[in-house]
């Protein structure tokens, strides 16, 4: 029996488009005095100019494993190279794998999940994505690979910031955050990120805390605007000057008072109502408070529909699109313009239609293990191709310890961690992927709460 | 998938499968193998499959699989799976 556990070799995956500065960073890592011997697996088009016997050229070989309903793509060349490196692992402290500019990092990462022996010797440390601040917007608009490289990252190095104005950089960082709410972002010039920020980052260490941008934890709502009006009894009118779509869904609910707090108490109910079937509003129909979701047909040149109010009070109007986008106004029974006491844009206008996004969920309470297992299992089986990464720290009913999990596409691993102790039992999880439906994910997760 | 069920490490059994595969395939020092067990509860899938990826030096990666968990695999199961894939002569 071998009682001395051999330390694992950490592995960093470096991705980024051509010209993003990967080679500059690699050359620095190989020449700088940082006290670590780093073996580099360079892509076949790599340009590392260092003569070093720890630089290995890899010819990308994508291999698709298809087993029943579990589909997993791995890198055959890496299996070979890592196998060989493991036989001489006393010669280096760290492995860095560079991917080709257009590569999807998924197969590289999944290679580490298909063999337990490999996991015994190697420790996938993190995915570092280099981003050329001057050109990334173009790449994000034109290529799904650029979005995926950002989505997979634990660390994003926003390079060449000297080529971009600072307000543009803020905007760029905001867009990157929407794609990946959990990665750490470093702004640098000339790839000058400290080596310690890119190796030893612990991105796949399940016991580390989960850092999610709080903005991404805001629940998603199926409506983009709400307004609260003080209304007297009578037949009022909702006027739509614009017609961005042929029809728009509208819901009116009574609220206790014309305040943010009062309307917040009805948000959940409004969300559920928006998932109901829409009743198309006929020409002579009016919208009634608590009357369900009304589908208003929008005519070119403007539309007016009646709201019938029986009792004076505060009423919240929820609309599928923003009030400005709809050119929305409320006129009282005598034709006077009524201004909303609460006027809230729910979803910011998305300037970009990125298909990749992050959905962060934070909720107190405990999860039923059977329901969670069923939900996560089905989710990954059915949507795993589109879910690049998932991570979570969960409070399971009857379990004293935190349960931590992480997944890459359909492959998932979880374990119990340290006890919650005096910490609040709060569930935090994040999904990063393509075409994620926040409402559906939140609904699925909520159904697992006890 | 069963996140919270009794998780049993199967690394000993997978290591045994790999060592048989190494012998049967007569692997050299530059060849590599992975072995993994996949579980699926879909009606059309075998509940457990042991999947081997063979990455020989200078050759394309190939996959062989045995529709059993690693613990139930014996040498002849593996031999048959490798023969069926044409990786060793019958």
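Please report A:256, B:26 as a ranked list, fewest other C-beta atoms within 10 angstrom at the top and most at the bottom.
If I rank by nearby Cβ atoms, fewest first, I get B:26, A:256.
Can you compute log10 of I(q)/I(0) for the protein assembly as shown with the Debye formula, treating each Cα as one identical point scatterer, at q = 0.13 Å⁻¹?
Taken in order of the listed q values, log10 I(q)/I(0) reads -1.28.
In nanometres, what is the gap between the two model label sites at residue A:424 and residue A:437, each 7 Å from Cα along Cα-to-Cβ?
3.0 nm
Tilt of helix A:76-86 relative to the longest C-alpha principal axis of chain A, in degrees (0 to 90, nearest 10)?
Approximately 50 degrees, to the nearest 10.
Cα convex hull of the range B:11-84: how many Å³ per residue?
Once divided by residue count, the hull of the range B:11-84 is 91 Å³.
Using a basic spin-label model with each label point 7 Å from the Cα along Cα→Cβ, how many nm lie between residue A:265 and residue A:239?
3.3 nm
Antiparallel DSSP bridges in the protein assembly as shown: what percent, to the nearest 5?
DSSP beta bridges in the protein assembly as shown are roughly 70 percent antiparallel.
Calculate the FRET efficiency for residue A:341 and residue A:192 from the Cβ-Cβ distance with a Förster distance of 35 Å, rounded to the nearest 0.05.
Rounded to the nearest 0.05, the efficiency is 0.10.
Antiparallel DSSP bridges in the range A:356-446: what percent, to the nearest 5?
Antiparallel bridges: around 95 percent, rounded to the nearest 5.
Which ordering of B:40, B:45, A:448 is given by a fewest-first count of other beta-carbon atoms within 10 Å?
Ascending Cβ contact count within 10 Å gives the list B:45, B:40, A:448.
State, as an integer percentage, the relative contact order of chain B based on alpha-carbon contacts under 8 Å between residues 6 or more apart.
25 percent
Any idea what the relative contact order of chain A is, in percent, if you count C-alpha pairs under 8 Å spaced at least 6 apart?
Relative contact order, chain A: 15 percent.
Quick check on the range A:319-450: take the gyration tensor over C-alpha atoms, sort the square-rooted eigenvalues as a ≥ b ≥ c, and tell me if it's rounded (a/c under 1.5), prolate or oblate.
prolate
May I ask for the Rg/Rh ratio of the range A:225-345, computed from Cα atoms with Rh as the Kirkwood radius, given to two decimals?
0.92
Report relative contact order for the range A:356-446 in percent, whole number only (criteria: Cα-Cα under 8 Å, sequence separation at least 6).
41 percent
Restricting to the range A:9-205, compute how many DSSP beta bridges are antiparallel as a %, nearest 5.
15 percent
At a 10 Å Cβ-Cβ cut-off, how would you order A:75, A:268, fewest neighbours first?
Going from sparsest to densest Cβ surroundings: A:268, A:75.
Give me the base-10 log of I(q)/I(0) for the range A:9-205 at each q in 0.12, 0.13 Å⁻¹, Debye formula, one uniform scatterer per Cα, rounded to two decimals.
Summing over Cα pairs of the range A:9-205 leads to -0.57, -0.67.
Among A:262, A:182, A:395, which one shows the biggest mean-square fluctuation in a GNM of chain A, springs joining Cα atoms closer than 10 Å?
In this elastic network of chain A, the residue with the biggest mean-square fluctuation among A:262, A:182, A:395 is A:262.
Only the coordinates and a few stated rules stand behind these numbers; no lab work does. Please read all numbers here as calculations on a predicted model, not as lab measurements. Here the Cβ is made from the backbone with ideal geometry for all residues, glycine too, and neighbour counts use every protein chain on show.
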